[in-house]
Each structure stands twice: as C-alpha cells, then as structure tokens.
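The values are calculated or read from the model by the stated rules, or taken from the named source; none is laboratory data. Worth saying up front: this structure is predicted, and the values here are computed from it rather than measured. Here the Cβ positions follow ideal geometry from the backbone for every residue, glycine too, while neighbour counts run over all protein chains shown. Note: areas computed on protein heavy atoms with side chains; ligands, DNA, RNA excluded. Shrake-Rupley method; radii C 1.70, N 1.55, O 1.52, S 1.80 Å.
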Amino acid sequence: MSEPAIKLEDWAQGIPMRAGPVSLGLYQPSPETMEYWRGIDRRELMLRHCDHCNRFFHPKRIVCSDCGASDLTWKPASGTGKVYSFSEIHRAPSEAFAAGAPYINGIVRLTEGVHLFTRFIPDPGPVKIDAPARLDFRVLESKWMLPVFLVG
Amino acid sequence: MASRLGYSAAIVGIGRCMTKREDAEKLTALQLGSISSANAIKNAGIKRGQIGAFFTGRCPTSYRTLQYNQTLLNELKIAPVFNTEVTAHGAGALGTLELGVLAVNSGLVDYALCVTNEASGVWLKDKVGQNAAGESNPQFEAPFGPTTPSLYAQVACRYMHEYGATSEMLAKVAVENRNWALTHPYAAMRNRGKITIDDVLNSRMIASPLHLLDCAVNYPGGISTAFIVTRAELAKNHENPTWIAGFGQQTTHEWISERMGAYDLDVIGHEPNLTNTGCATAAKQAYEMSGLKPKDIDIVQTSAPFSFVHLMMLEELGFCKKGEGGAFVMDGNIDFDGGMAFNTMGGYLSFGQMAQGLYNLHETVDQIWGRAEGRQVPDADIGLVHGHGGILASHSVMIVSRERAQ
Ligand SMILES: [Zn+2]
C-alpha cells in the first residue's frame, strides 16, 4: 500500500483539492470531518454514531436526524457492505482521472446501514447491485488516499 | 375546485433574449438579463417603478457576482421591496414566479419581475465531460472523480433495476426530443437531423448506463427569460393574462449519495431510496391548487438533463403509473407524431440546457396563445412546466392556463 500523497498536516493547512489542473472544490477537510480523514490515515473508515439512538450516520452528519443530539461519537465501520448503485465512467472529468478510465464509482450500503459514495474495484467482480463489497484504501487519481470497496 | 392560491395571479408581461453560437455578438448574462427584463416590463405596459418584487434564479455561472440579483437590479434602475436570488438549483427558476405569486398576493406590492439568465463561455464546457465539482460533495464525492452524468447514472442504475426500464426505453425519449428540436430555429441540435433508437444505443458510453445521446447538451449561446406577475384583480386590466393555475415545489437533498441518508420523510418513504423524487409532491400540490388533473393538461415541458429522467418525471407528474414510464413512451404516448405535446422545444437533450430552463415556461405561454410558429400544438389551453436541478434534488411544477377557472 502506497503512502497518501497528501498528508493530514497538509490538509489542515488548506492545500486546495485538485486532480491535475481541475479544482475539486472549495472546501477543505474541516473540524467536523477531520476525524474521518485521520481515520483514513490509519486505514479506518470512521462513521458518526448517536449513542442515544444507537444509530450510525454518514461521517459528515453534525446532529442526529432522530433525536437532534449534537454529541455524535465516532465509531469505525466494520468494512463490509453491498453495492447499492454504480456507474462505469468512460468520460472522465479531467486528464488525471482519464488515466484511470474506465472506472466505477457508486454508492455502497454499509452493514451499519450508512450509504457512502465510493470507488468500486472488481475483485474478482463483477460489480452489480447487491454484490458483496469489502473495504480497502487506495490512492486514487485525485492523489487522495480514499476508502474504496472491492467487489465480488 | 381550485384552492385559495389557484388562479390568484397571472403572467402579464413576458420577455426573452436569446443568442445562438454563430451570432457575431456575444451577449453576457447581464446583457441578456437586462434586455429580457426591459422587454417584459414594456410588454406588461407598466413603469419600472411599479416593480415591487424582484426574484432571480441563481447567479449565472458565467457572471459571478456576490449578489447577482443586486447587480441586475442596478442595471434596471428598479427599487423593489422584496428581492432575492432563488436557489433550489433549476427548480428555483419557476421558484421565482412562485415567490412572485406570494408577493403580489400579500397586497404589499403589485408587480413581481422574475428572471433567469445565462451565457455559455469557456467556463461552460460540454456537459458530458465537465468536472462535477459543482454537483458533487467536495470531500465525500469529488475526490473519487465523478462527472455529472455519472452522478445521475446512480439514479438511472437503481431506476432500471427496480422497474425494469431498458436502454431502448431511455433512447426513445432522446429520439422524440430530437424530432421537436428540428422544428425550433434556436435548438442546439436543429441541424443534426433525426436520430433512431439504435443511434442512441450506438453512441459512445459516457457513464453507464448513459450513452452520449442520453445526455443533455449545454445550450450553445445565451438565454434570458423574464416574466411580470401580478394578482388577479390587477391582471384583469392587462391584455391576455396567462393564469398561474397552480404550483408546487420540493427539495430533498443536496448531494446524491447523501440523499441515501434521508429517511422517514413523506416524499421518500421510510427507507432511503433514489427513485422517489420531490417532483411527485410538487405535482400533487400544483394539481390540488389548480383543481386540475393530468388528463386536463394539453402540453408538458420537463427539465430533464438525461433521458431516463423524462421517464421518472412522466410518472411523478401523473401521466402514467410509477415504473411504467418506459412502456408509456414505447407505446407512442410522447411521439412527435400523434403523442402528447412533450418538450416542444426539443428538451434539454436536443434544444439544450441553460439558465435553469425557464424558457420552457416562455414556450408554454407562446403555445397557449398560438405564437409557436412552426411547431404550434393545436388547442393547447393548459400547460404544465417542470423545473428541476441538483441531482434530482429540487423540483418545481407550474400549471398555466389561458382561461381563468371560475
Ligand atoms: Zn439520536
């Protein structure tokens, strides 16, 4: 496994998110998501959890959608799930991503019930709805170390 | 029976400014917006000082200012007491008129000016390859390399899986959009000829299951559309008011993968899903407000940047049952020859997508008054316009009528 091309210290200093010449957006990893990125640095997928309702949420959630609590905790995902939806991208958004095309992006339904956008890697495949998916970490074309899912 | 807001206001002025790719003069969004607004004010026969409310769609991509609404207001030298930009992506275009209806019915103001505008430029590349930074979550989606088509494709994937829609059914929509576009002098694809279902299926894959011809084309030029809205008692003083019979709007999310974090909401149901959208709620509200039903509608425009979206919207607008949009179009129900009048400019797939699609409302008003030269739909008295944006995030529906229901 290769090292992340962008280190956490860099993110904290506000390195713009870019893939080749294309800016990926204006936002930075921020206080509400920093634990998610720290988890990736140690190869863990961290989710938000409401201890009052015993319910998992997307790592970006700030308050519990059920009880409104703002003291959500962080818990690591088990790393298993199923393919919910997917698309094989032939026309990539930039030259950097085109180098890896075609590639498959989609939504994984984690065993915890949370849905995340991710990269699906056929291993051995094929990628299809409800196929089992296992967590892994890869540096993608964006130069970001990201949580991906091996399918099959 | 219409409800209290049904037919409570009307469009009494209309203006448009439109350029084509080959036009020598390249107008900016601000030029287009200023000209169309001035045309609408003239068309209504009112003075600029009578504009009490001023609502604009979101700031044009090609003319970023901190408060575009103020920038355009400054050009027009108007002094409204209500003014704001309406976000809600493409649904905010009809949203400007919805707020306009509410503003003039408050009695605090008499006339609302509602405008969207956009011009293409180097920053508006072709739709199929564009960086999805504006459509994707910057931290949780964008780093994976999504494109706009691939984000919509998540919904297409589920829609085809859950309801058995086929690529041929999707392609049929593109074929009929093209047939209409061939009749419109400004349509992006007006000179590209007819296409067949096989042409769509044989066009290159962009993001499965969407082929090139399943995707919208960015309108190559510039468009601004402007409307003057006033309440019923004042509308009677104007020639040929177009009545706003009913409207509705709903927004369910921002990023498509986070739509799957939404649950226990009426529109979505208990379990998260991608295939129920706010269009159904918006349509229900518009029908109830107007007292009309799908069978009363003579002409329909949808804001649908990919072929499969048309099928979903035909269902959620009530023209067929959920999941039967594919069979509905294969049975000839949206055929250029003999079907319902559907996307009479050519839709986003063949007319082109721009300025949140408010020109679809202009087109509908033109059709209602018999001004759609070369593509006039006979006996088009009542029209329905759908607006949408985000990745199926925000939807609005407006029903307009030549006659005022009693
Ligand atoms: Zn809770």
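Observations on the structure shown:
- Hits in region B:49-92 - residues which are surrounded by fewer than 22 Cβ atoms within 10 Å (Cβ to Cβ) and part of a helix (DSSP H, G or I): B:Gly49, B:Gln50, B:Tyr68, B:Asn69, B:Gln70, B:Thr71, B:Leu73, B:Asn74, B:Glu75, B:Leu76
- Qualifying residue in region A:93-103 (condition: among the small types (Gly, Ala, Ser), within 16 Å of the ligand (Cβ to nearest atom) and modelled with pLDDT of 95 or more): no
- Residue match in region B:345-367 (condition: open to solvent by 10 Å² or more (accessible area, probe 1.4 Å) and of a type in the set (Phe, Trp, Tyr)): no
- Condition check for B:Glu85: free of Cβ contacts under 8 Å to residues at least 40 places away in the same chain and acidic (Asp, Glu): yes
- Boolean, B:His395 is touching a Cys at 6+ places or on another chain (Cβ under 6 Å), closer than 26 Å to B:Val155 by Cα and not acidic (Asp, Glu): yes
- Each residue in region B:257-270 was checked for being part of a loop (DSSP other than H, G, I, E, B) and within 10 Å of chain A (Cβ to nearest Cβ), and 5 pass.
- A single member of A:Gly152, A:Gly100, A:Gly113 is at the interface with another protein chain (Cβ under 8 Å from one of its Cβ atoms) and open to solvent by 20 Å² or more (accessible area, probe 1.4 Å), and it is A:Gly100.
- Among the residues listed as B:Val377, B:Val365, B:Val397, the single one being assigned to a strand (DSSP E or B) and at pLDDT 95 or above: B:Val397
- Scanning region A:69-91 for any residue that is within 16 Å of the ligand (Cβ to nearest atom), at the interface with chain B (Cβ under 8 Å from one of its Cβ atoms) and surrounded by fewer than 21 Cβ atoms within 10 Å (Cβ to Cβ) turns up nothing.
- The set of residues from region B:164-208 being closer than 20 Å to A:His115 by Cβ and open to solvent by 10 Å² or more (accessible area, probe 1.4 Å) comprises just one member, B:Ser208.
- Residues of region A:50-68 that are near the ligand (Cβ under 10 Å from one of its atoms) and either away from every other protein chain (no Cβ under 14 Å) or farther than 23 Å from A:Met145 by Cα (or both): A:Cys50, A:Asp51, A:His52, A:Cys53, A:Asn54, A:Arg55, A:Val63, A:Cys64, A:Ser65, A:Asp66, A:Cys67, A:Gly68.
- Test: residue in region B:292-308 that is within 30 Å of A:Asp66 (Cβ to Cβ) and surrounded by fewer than 24 Cβ atoms within 10 Å (Cβ to Cβ): no
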